[in-house]
1. I'd like to verify a number: residues in the stretch 6-29 that are in a helix (DSSP H, G or I) and either without any contact (Cβ under 8 Å) to a residue 12 or more places away in the chain or among the basic types (K, R) (or both), how many?
2. What residue, of T146, T209, T236, is open to solvent by 70 Å² or more (accessible area, probe 1.4 Å) and of a type in the set (S, T, N, Q)?
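The values are calculated or read from the model by the stated rules, or taken from the named source; none is laboratory data. If you're wondering where the values come from, they're calculated on a predicted model, not measured in any experiment. Because the Cβ atoms are built from the backbone with ideal geometry, glycine has one as well, and the counts that use them run over all protein chains shown. Protein only, heavy atoms only, side chains kept; ligands, DNA and RNA dropped before computing areas. Shrake-Rupley method; radii C 1.70, N 1.55, O 1.52, S 1.80 Å.
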Amino acid sequence: MQASPIVLTTLAGLSTGLGGLLAVLCPPSERLLAASAGFAGGVMLTASLADLMPEALAFYGGYLPPLACGGAVVSLLALGMLTAGLLGRLLPEEAALAARFGKSGDPARAAAMRTALVTGLALHNFPEGVLTFFAGTADPSLGLRTAAAIALHNIPEGLAVAVPFAYATRCRTAGVLAALVSGLAEPLGAVLAWLFLRRLFTPGFLNGTVVLAAGVMVWVALAQLLPSALHPVHRTAGILGAAVGCLLMLLGIAALP
């Protein structure tokens, strides 16, 4: 019996909460913050550039000449990065967050909270939910592979939301809940798209949303996760986390063609 598309989308989204559960296993520390940020950053960059981009280039290459195809994909990727950057500017700055952690403020907790907020941006979860839902509708086996691939990178994403959130709030349960709420944007995006936008969806449009989501992930990795991972005090933990994230994601891509 085949799973319904909405069930696949929900399971892919809930895998973010599964990643958040890993934050319960050990007390959050600055070393763990660096390692988890590097791990999630490595996974996001690898998933975007080694999985999503080649597929989009192959799709648009069937309709456009090489230079135009590359220009279209690069433009969509840049648009996703720009959108994420603009949304990131709407979030509170570290100084404003630090003021909430006591009279003297706590820069480390404020930085951790901002990392959790930026990583938890639901913008890229919406198109991922839409993609999983419509892939499952078109072909159940394709939907299953798509859900598995998205769940694979959602687990470290949940870890990257939960660990800094738990560190900032001193509550590991709050970190798990934050990761779970972030992942629920995927089934929500699928339902909203089905209700209001299903007539607009074509293979070209869906591939475009995937590239936009990849742009958001690249921006989150480069602007927030990897800089947090490469903090001078715990640089080694951050580098090792990023390396493990890249390698595991490459293995996942190879296992889920």
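1. Restricting attention to the stretch 6-29, the residues satisfying the condition of being in a helix (DSSP H, G or I) are 6-24.
From what's left, either without any contact (Cβ under 8 Å) to a residue 12 or more places away in the chain or among the basic types (K, R) (or both): 7.
The number of residues fulfilling the criteria is 1.
2. Working: T146 fails: open to solvent by 70 Å² or more (accessible area, probe 1.4 Å); T209 fails: open to solvent by 70 Å² or more (accessible area, probe 1.4 Å).
The match here is T236.
Yes/no per residue for (1) hydroxyl-bearing (S, T, Y); (2) more than 14 Å from the chain's Cα centre (by Cα); (3) open to solvent by 50 Å² or more (accessible area, probe 1.4 Å):
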residue	(1), (2), (3)
G158	no, no, no
V161	no, no, no
P164	no, yes, no
V181	no, no, yes
V218	no, no, no
L222	no, no, yes
L226	no, no, no
P232	no, yes, yes
I253	no, yes, no
